[in-house]
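Let me begin by presenting the structure, written as structure tokens, before commenting on it.
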Amino acid sequence: MRRILLTITFFIFTNALRSGAQELQVWTLRDCMIYAIENSPETKIQELTNDNRRLDHRDAYLEFVPSVNGNINAYTSFGRSIDPETNTYSNVNSFSNSYAIYSNYTIFNGFTVVDKYKVTRIARLSGIEEARQVEDNLCLTIMQSYYNVLYRKGMVQLCREQLMESQTTLKNTRVLEELGLKSYADVLQVEAQVAANDYNLVREQNMMESELISLKEKMFFPSDRELVIDTTFSQIADPFARSVTAGDIYLSALEFLPAVKISAFDVKTAGIKLHNAKWSLLPNIFSEAGYSTGYISTLGQAANADPFLSQMKNRQGEYVQVGMSIPLFGRLNRQSAIGRMRNALHIAEAQRDKKLKEIESEIARAVQDMEGSAKEFIQADKRVAAQDMAHKANQRKYEEGLLSVLELQTSSNQALAAKAERLNSALTYLIKKRIVGYYQGTSYINQE
């Protein structure tokens with residue numbers, strides 16, 4: 001296909017707003033994206049979620065280490081009670097305290113600890129991709145809203161130009177009326193057109209302000225603060241110069257898209273949980289070891305009791321315990337859990353396949369839209385050039401009395417519609433080009 005080089009530079013004149021001696025910042029698309037990422041509650045929620053996953057992963061890792069606990073008890077008895085010395089009832093008031101430390105460790109529980117560690121590790125990796133996905137979706141939303149503002153600003157400029165043109169036509173028509181070349185009805189008709197163009201300008205300005213409010217909302221930008229966006233964009237060059245097809249883009253996108261990785265992590269997590277459910281049918285082996293000692297004395301006869309350190313030494317005791325829990329019958333709860341985990345795995349696989357198909361269709365649609373909008377821009381650019389020439393000729397005819405007011409208005413509206421269509425197709429192409437660039441591996445925020 002013949003390479004076509006088209007360059008369009010669209011300038012919208014904006015006033016330099018100043019507050020005192022300070023000039024307002026002009027926000028580029030990248031600036032808006034960065035601000036939205038830094039201030040969006042969605043990114044903050046995801047950061048906190050990922051931090052919780054980090055803590056879960058740490059806890060799962062520490063489950064490989066035995067737990068150690070200790071306790072200290074103090075006990076005073078009055079009246080009839082059991083004598084700790086003789087283990088018989090007595091009426092002697094006594095005081096005793098004990099000290100113990102013990103450790104628990106699960107030797108085997110169907111690799112639950114190992115599987116839990118794997119699941120939390122995958123959850124952390126999935127959280128990283130989810131954070132990327134949140135940022136990418138936010139950038140896409142900001143980009144679309146940003147270009148909506150650009151479009152409305154462009155329409156405001158076009159409507160302002162049409163209004164100025166109609167005002168000039170009104171002045172010329174009044175002169176022609178004085179010369180007898182136009183009637184008073186023609187003047188009234190042009191005045192009505194000026195009013196209509198003024199209305200269109202006000203309407204477009206209101207729509208522009210509405211889009212600007214929407215952009216602020218999506219950026220979480222203060223509504224009472226002025227937001228001046230960069231209204232220059234350039235360059236639609238080689239719109240058909242693509243060296244890869246939608247299929248090639250899809251294959252490469254499978255390697256880095258967050259949505260693809262998240263789906264793969266979900267399948268892997270479901271497989272681990274199924275594995276763990278099957279191992280729950282096996283016995284659990286656990287162990288415990290401990291050390292204890294204590295001190296006792298009769299109230300009022302502490303001088304006759306053995307010294308504290310002596311009793312602490314003589315009352316020392318240790319124990320080691322190893323046990324096994326064998327699941328014999330649990331009303332088929334474990335078998336039901338295995339069935340549910342197997343179904344969860346199949347659901348995760350089906351959701352992954354669905355997501356991959358959606359991504360494939362999105363890529364094909366984005367490429368098609370980009371090419372279609374490029375073709376539309378080429379034709380719209382040709383239409384604008386032809387319409388401008390025709391409108392200039394119609395203006396000369398009108399001044400010579402060879403064209404009616406209604407015909408001139410129709411010509412002006414057609415010229416405006418052609419320019420609006422060219423603006424729309426240009427902005428649509430730039431959006432679709434960025435989307436295709438994203439699927440090719442360049443994030444929205446890093447695109448020029």
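Each reported figure results from applying straightforward, stated rules to the coordinates on display, with no laboratory input. These numbers come from a predicted model, not from an experiment. FYI the Cβ positions are ideal-geometry reconstructions off the backbone, even for glycines, and counts take in every protein chain you see.
Looking at segment 142-207, the pairs of alpha carbons with a distance over 19 Å make up 45% of the total.
What pairs in Lys216/Lys375; Lys118/Lys278; Lys375/Lys419; Lys118/Lys268 have C-alpha atoms more than 21 Å from each other?
Details: Lys216/Lys375 32 Å; Lys118/Lys278 16 Å; Lys375/Lys419 15 Å; Lys118/Lys268 10 Å.
Those over the limit are Lys216/Lys375.
The lysines whose alpha-carbon is closer than 17 Å to the alpha-carbon of Lys357, local same-chain residues fewer than 8 away aside, are Lys261. The modelled label-to-label distance between Lys354 and Arg203, using points 7 Å beyond Cα along the C-beta direction, is 4.2 nm.
Restricting to Cα pairs below 8 Å that are 6+ residues apart, what does the relative contact order work out to for the chain? Please round to a whole percent. Present the calculation step by step, with values, prior to reporting the outcome.
Working: 555 pairs, mean separation 105.2, N = 448.
23 percent.
What full-extension length gain, to one decimal in nm, is calculated for Leu24 and Thr49 as 0.36 nm per residue of separation minus the Cα-Cα distance? Don't skip to the end; give the middle numbers.
Working: separation 25, 0.36 × 25 = 9.00 nm, distance 3.61 nm.
That works out to 5.4 nm of additional length.
For Leu282, no residue whose modelled amide H falls within less than 5 Å of its own remains once neighbours fewer than 5 places apart on the same chain are excluded. In the chain, the DSSP-assigned H stretches of four residues or longer account for a calculated mean residue ellipticity at 222 nm of -22000 deg cm²/dmol, using -39500 (n - 2.57) per stretch and the full residue count as denominator. Give me the one-decimal Kirkwood hydrodynamic radius in Å for the chain, with the sum taken over alpha-carbon pairs. Across the chain, the inverse of the average 1/r is 30.1 Å. Between the beta carbons of Ala195 and Asn69, assuming R0 = 56 Å, the FRET efficiency works out to 0.05 to the nearest 0.05.
Candidates Val175, Val149, Gly317 compared by Cα position along the dipole of the chain: farthest toward the positive end lies Gly317, with charges placed on Cβ.
Averaging Cα coordinates gives a centre for segment 110-188 and one for segment 254-280; these two points are 39 Å apart.
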